[in-house]
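Engineer: Mind having a look at this structure? Questions to follow.
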Amino acid sequence: MNTVWVLTFAGVLGLSIGSFLNVCIYRIPLDKSLLWPASHCPSCGKPLRWFDNVPVIAWLALRGRCRFCRSRISPVYPLVEAFTGVMFAWAVWRYGFEPLLVSRLLFGCALIVLFFIDLEHRILPNVITIPGIVIGFLFSFITPPGWVSSAIGLFIGGLIPLVVAEVYQRLRGVEGLGMGDVKMLALIGAFLGWQHAVLTLVVASCLGTLVGLPLAIKRGDMKTSMPFGTFLAIAAMLAATVGDDVLAWYLKFYR
């Protein structure tokens with residue numbers, strides 16, 4: 001019973017954090033303050049009442065519309081809140097109350113924000129990636145993967161895509177990978193270590209090919225910009241949760 005209450009509390013806390021992540025997703029690309037002004041409708045500018053900020057429930061009660069102007073409220077808001085709530089509950093169940101819990105939650109929150117910002121705006125803000133690299137490396141001194149693997153992961157995560165991007169640009173004359181992707185991979189390497197960073201890059205590249213290539217062909221434009229950061233976020237989530245099992249399965253073929 002105590003476990004149920006702890007996980008419930010973690011889930012509720014995650015819902016509230018998810019509400020803040022929505023603020024980050026909306027305001028960071030617009031270079032707006034995260035603290036002021038208070039939450040308001042982006043269409044009519046009316047300040048939201050406190051009960052209109054209740055995660056998920058408020059969106060459902062309002063049927064996805066602003067209370068005042070009836071403008072549509074994106075379903076991304078409750079989706080981010082619900083996913084963050086589930087992530088918090090799952091992380092507490094998986095890691096317990098250890099330093100690794102804090103590391104993984106910070107990492108997960110960063111990935112959520114980067115995923116949705118890159119999906120909509122095609123940018124990966126430095127205000128998330130650069131502090132994330134530092135925080136991930138500092139945590140590696142007290143949590144897995146350890147500072148050596150983290151340092152190598154930071155270096156490889158940033159170096160490999162940087163070399164690929166440079167070669168692609170020289171061969172094709174166009175930018176194939178942005179610096180934001182490079183810094184995001186360095187962040188992933190800092191938090192997860194070099195093996196999981198490589199796994200993330202491989203999985204993200206496969207996802208990019210499976211999803212992005214058909215989309216480019218459909219549009220008839222092979223230079224269509226793909227939000228690679230979204231694929232990196234998905235792949236990093238998988239690496240953080242099932243990466244050890246995937247690597248163990250792969251390495252058994254070489255034993």
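Engineer: Within a Cβ distance under 15 Å of Val54, other residues only, what is the Lys/Arg minus Asp/Glu net charge? Provide the component values of the computation, followed by the final result.
Structural biologist: Values: positive: Arg49, Arg63, Arg67; negative: Asp52, Glu81.
After counting each charged neighbour, the total is +1.
Engineer: Continuing with this model, one more query. For the chain, the longest stretch holding no chymotrypsin sites (Phe, Trp or Tyr not before Pro) located in a DSSP loop with at most 13 other Cβ atoms within 10 Å is which? Walk me through the intermediate numbers first.
Structural biologist: On the way: sites that count: Phe97, Phe141.
Answer - 142-255.
Engineer: With a 10 Å Cβ neighbour count serving as the proxy for reagent exposure, in which order, fewest first, do Asp52, Asp118, Asp245 appear? Could you put the intermediate results ahead of the total?
Structural biologist: Working: Asp52 18, Asp118 25, Asp245 9.
Least to most surrounded, the residues fall as Asp245, Asp52, Asp118.
Engineer: Whose amide H sits under 5 Å from the amide H of Arg65, counting only residues 5 or more places off or on another chain, with H placed in the peptide plane?
Structural biologist: Ile73
Engineer: Taking the Cα centre of region 59-118 as the origin and placing charges on Cβ (Lys, Arg +1; Asp, Glu -1), which of Tyr95, Gly64, Thr84 is farthest toward the positive end of the dipole?
Structural biologist: Gly64
Engineer: In addition: Taking neighbour counts of Cβ atoms within 10 Å as a proxy for exposure, in what order, fewest first, do Leu35, Leu232 appear?
Structural biologist: Details: Leu35 8, Leu232 31.
Neighbour counts put them in this order, fewest first: Leu35, Leu232.
Engineer: Most fluctuating residue of Gly45, Gly153, Gly212 in a GNM of the chain with Cα springs under 10 Å: which is it?
Structural biologist: Gly45
Engineer: Arg94 to Val12: extension gain in nm, 0.36 nm per residue of separation minus the Cα-Cα distance?
Structural biologist: Values: separation 82, 0.36 × 82 = 29.52 nm, distance 1.69 nm.
Once the chain is fully extended between Arg94 and Val12, it gains 27.8 nm.
Engineer: Given only helices, namely DSSP H runs of n ≥ 4 each adding -39500 (n - 2.57), what is the per-residue ellipticity at 222 nm of the chain, to the nearest 500 deg cm²/dmol? Can you show the working numbers first?
Structural biologist: Working: 10 runs with 173 residues, N = 255.
Calculated at 222 nm, the ellipticity per residue is -23000 deg cm²/dmol.
Engineer: If I take every Cα pair under 8 Å that is 6 or more residues apart in region 99-255, average their sequence separation and divide by the length, what percent do I get for the relative contact order? Write out the running numbers ahead of the final one.
Structural biologist: Numbers: 197 pairs, mean separation 43.7, N = 157.
Answer for region 99-255 is 28 percent.
Engineer: Oh, and also: Picking from Val198, Val102, Val164, which is most flexible by a Gaussian network model of the chain using Cα springs under 10 Å?
Structural biologist: Checking each option, the largest mean-square fluctuation is seen for Val164.
Engineer: Can I ask one more? How much length, in nm to one decimal, is gained on full extension between Val76 and Phe141, taken as 0.36 nm per residue of separation minus their Cα-Cα distance?
Structural biologist: Working: separation 65, 0.36 × 65 = 23.40 nm, distance 3.53 nm.
19.9 nm is the gain from fully extending Val76 to Phe141.
Engineer: Could you derive backbone 3J(HN,Hα) for region 57-64 from the dihedral phi with the Karplus parameters 6.51, -1.76 and 1.60 (θ = phi - 60°), listing whole Hz in sequence and x where the residue is Gly or Pro?
Structural biologist: After applying 6.51 cos²θ - 1.76 cosθ + 1.60, I find 4, 4, 4, 5, 5, 8, 6, x Hz.
Engineer: Given a Förster radius of 45 Å and the C-beta distance between Val202 and Arg67 as r, what FRET efficiency does 1/(1 + (r/R0)^6) yield to the nearest 0.05?
Structural biologist: 0.45
Engineer: Around Pro75, under 15 Å between beta carbons, what's the net of Lys plus Arg minus Asp minus Glu among the other residues?
Structural biologist: Details: positive: Arg63, Arg65, Arg72; negative: Glu81, Glu120.
Its environment carries a net charge of +1.
Engineer: For Val127, Val86, what's the fewest-to-most ordering of other Cβ within 10 Å of each Cβ? Working shown, then result.
Structural biologist: Working: Val127 12, Val86 15.
In increasing order of surrounding Cβ atoms, one gets Val127, Val86.
Engineer: Moving on. Explain nothing, just compute: Karplus ³J(HN,Hα) = 6.51 cos²θ - 1.76 cosθ + 1.60, θ = phi - 60°, for every residue of region 203-212 in order, whole Hz, x for Gly and Pro.
Structural biologist: Using θ = phi - 60°, the values come out as 5, 5, 5, 5, 5, x, 5, 5, 9, x Hz.
Engineer: Please list, ordered by chain and number, the residues whose modelled amide H lies under 5 Å from the amide H of His40; skip anything fewer than 5 residues away on the same chain.
Structural biologist: Those lying under 5 Å, H to H, from His40 are Leu48.
Engineer: Run the numbers for Phe20 and Leu35: contour at 0.36 nm per residue of separation, minus the present Cα-Cα distance, in nm.
Structural biologist: On the way: separation 15, 0.36 × 15 = 5.40 nm, distance 0.99 nm.
Between Phe20 and Leu35, full extension yields 4.4 nm more.
Quick note: the coordinates plus some simple rules give every number you see, no bench work behind them. Because the structure is predicted, anything quoted here is derived from the model rather than measured. Here the Cβ is made from the backbone with ideal geometry for all residues, glycine too, and neighbour counts use every protein chain on show.
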